[in-house]
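K.L.:
The structure that follows is given in the form of structure tokens.
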Amino acid sequence: MTYADLSLLERRLLMLWVAGLVFIYVFNTARSLQLKRGFLYSFHTAAVVAAFYYIYNILGRIDEAVLDGRESVYIIPISWLLAALCFFTAYSLYLILAVNRWKKNNISGLSIKESFDSLPTALCFFLQSGVPRMTNKEMEKIVHELCGEELSDAGRFWLSLKYGERDGCIIAGNDPIYQLPDGRIFSFSLREMTVEKNKIYELIGNNITEEYRLNEELKEKSTEARWINERLRTLNKSITRITAEREVLAAKIKIHNEFGNLLLYSKSYLAGKADIDRKKLLTMWHNNNRLFEEAGPEIWQSTYSSAVEDAERLGVKVITDGQLPENALLKDILETAIKVQVNNTLRHAHGHTVYASYSMEGDKYVIVFENDGDAPKEEIREGGGIGNLRRMVEQTGGSLVLSHEPRFSMRLEIPVEPE
């Protein structure tokens, strides 16, 4: 039985089988060339492809002759054809398995590219001219999200990142940080290397989303910890002040009791009681008078006394308008403000008097500092003193406003209930 004796459907199925084998061998040939398995192997598979293509043409001619009622010059026993097709089908499967096994056990350019694309780090190698030589999929995705186009000039792309020209820039510079539209955060860096006397640049993008989030949380907690620390220091000062007040109160009670005893003793003496010792009475009066002579306002009792005394020693008088608040937290701020204003009066304004006026506006303390010196001739630059004062005020939720017209002044607005 020959091929020509088969039915039309059977001939079509056999031709489809041959066409499938041609496709499989073409695929194997292409993979061999891509993986660079060697010339002989690629030539061998290509020869099989050519042979099957020739067989396919022969079967087509026999089929045409049968359909036209002509006798074909090609007489192919069906048993030979089936045996050949079965053999080459099995051989094609063997070649596919051999290629896969070779791919697993050998490193090729394709395997390097696949590994390069699977890296979570965004990478791009480019020449000094900016032409990309190898870019993985992660970098291509980032470029598309930031630029909306394909990467054609990697050097220009790096400069745009470095100088913060792209949307989502968090930090510019040599190690720029960007937030992508999908919320991920990447840190970029550039590394230069020399390969075969040619300069190659490696652009690296690392996903630091989690690290950045943890760093922001740490900053928030550090700020909160500093605020708690300030409150604890203020509380410690309050405890010290309260302790001093208790000691003074105890001393006052003692003086009050002694003075009461003195009055009772004096009354008994004036009443003419014989058991009253005149010398003892005089000694008691002398001791009490000495207490009153030595008594005066304690330094701790005088609000902002330290800053005021320091100013007077420097030749600057501090005049207040209104009763400055005794709040322990505000005391540190106002003492700092007095020192800053005194320093400005001496060094820049060449004045001799500092004025501090206090008032309440709603739920805020408002304290305005001025001096009698010269007005600034240019815009005020905040140095260490004013900068530190501003931080102290803003930590309470307040504000500090500087003005140089008609003369230098500082306006502090501090909430009654700090944040």
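K.L.:
For Q323, indicate whether it is under 33 Å from the mean Cα position of the chain (by Cα), touching a residue at least 12 places away in the same chain (Cβ under 8 Å) and either within 29 Å of I239 (Cα to Cα) or assigned by TED's automatic domain parsing to the domain that holds R226 (or both).
P.N.:
No; evaluated as a whole, the condition is false for this residue.
K.L.:
May I ask you to verify whether A337 is closer than 28 Å to S222 by Cβ and surrounded by 14 or more Cβ atoms within 10 Å (Cβ to Cβ)?
P.N.:
When the stated conditions are applied, A337 passes them.
K.L.:
Let me ask you something else. Given the conditions (1) over 41 Å from the mean Cα position of the chain (by Cα); (2) of a type outside the set (A, V, I, L, M, F, W, C); (3) modelled with pLDDT of 80 or more, and given that D310 satisfies all but one, which numbered condition is not satisfied?
P.N.:
Exception for D310: condition (3).
K.L.:
At pLDDT 75 or above and surrounded by 15 or more Cβ atoms within 10 Å (Cβ to Cβ): which single residue out of L9, L14 fits that description?
P.N.:
L14
K.L.:
Report, ordered by the first and then the second residue, all pairs with beta carbons closer than 7 Å, sequence separation of six or more or different chains, a first member in the range 47-64 that is closer than 17 Å to W80 by Cα, and a second member that is of a type outside the set (A, V, I, L, M) and at pLDDT below 75.
P.N.:
Partner pairs satisfying both residue conditions: I58/Y74; L59/Y3; I62/Y3; I62/S72; I62/Y74.
K.L.:
Now for a different question. Quickly run through the range 360-372 and pick out the residues that are crowded, with 20+ Cβ neighbours inside 10 Å and closer than 23 Å to E224 by Cα.
P.N.:
None - no residue of the range 360-372 is crowded, with 20+ Cβ neighbours inside 10 Å and closer than 23 Å to E224 by Cα, so the list stays empty.
K.L.:
Right, another one. Does the range 344-360 hold any residues that are of a type outside the set (V, I, T), part of a strand (DSSP E or B) and touching a Phe, Trp or Tyr at 6+ places or on another chain (Cβ under 9 Å), and which are they?
P.N.:
Within the range 344-360, Y355, A356, S357, Y358, S359 meet the criteria.
K.L.:
Could you list all residues from the range 114-138 that are more than 27 Å from the chain's Cα centre (by Cα) and assigned to a loop (DSSP other than H, G, I, E, B)?
P.N.:
Q128, S129, G130, V131
K.L.:
Looking at E413, E419, can you tell me which residue is within 26 Å of the chain's Cα centre (by Cα) and either within 13 Å of I367 (Cβ to Cβ) or at pLDDT below 85 (or both)?
P.N.:
Checking each option against the conditions leaves just E419.
K.L.:
Taking the criterion of being outside any loop (DSSP other than H, G, I, E, B) and either in contact (Cβ under 8 Å) with a residue 60 or more places away in the chain or assigned by TED's automatic domain parsing to the domain that holds G322 (or both), would at least one residue in the range 374-381 satisfy it? Explain how you work it out, then say what you get.
P.N.:
Filtering the range 374-381 for residues outside any loop (DSSP other than H, G, I, E, B) gives none.
The answer is no; no qualifying residue exists.
K.L.:
Let me ask another. Search the range 382-410 for residues being within 27 Å of the chain's Cα centre (by Cα) and touching a residue at least 60 places away in the same chain (Cβ under 8 Å), and hand back the single one that is farthest from W227 (Cα to Cα).
P.N.:
So, considering only residues that are within 27 Å of the chain's Cα centre (by Cα) and touching a residue at least 60 places away in the same chain (Cβ under 8 Å), the one farthest from W227 (Cα to Cα) is V393.
K.L.:
Taking the range 78-99 only, how many residues are exposed (fewer than 14 other Cβ atoms within 10 Å of the Cβ), more than 17 Å from R12 (Cα to Cα) and of a type in the set (G, A, S)?
P.N.:
2
K.L.:
Exactly one of (1) surrounded by 16 or more Cβ atoms within 10 Å (Cβ to Cβ); (2) within 21 Å of V318 (Cα to Cα); (3) of a type in the set (A, V, I, L, M) is unmet by A375. Its number?
P.N.:
(1)
The values are calculated or read from the model by the stated rules, or taken from the named source; none is laboratory data. A quick note: this is a predicted structure, and the numbers were derived from the prediction, not measured. Don't worry about glycine lacking a Cβ; one is built from the backbone with ideal geometry, like all the others, and counts go over all protein chains shown.
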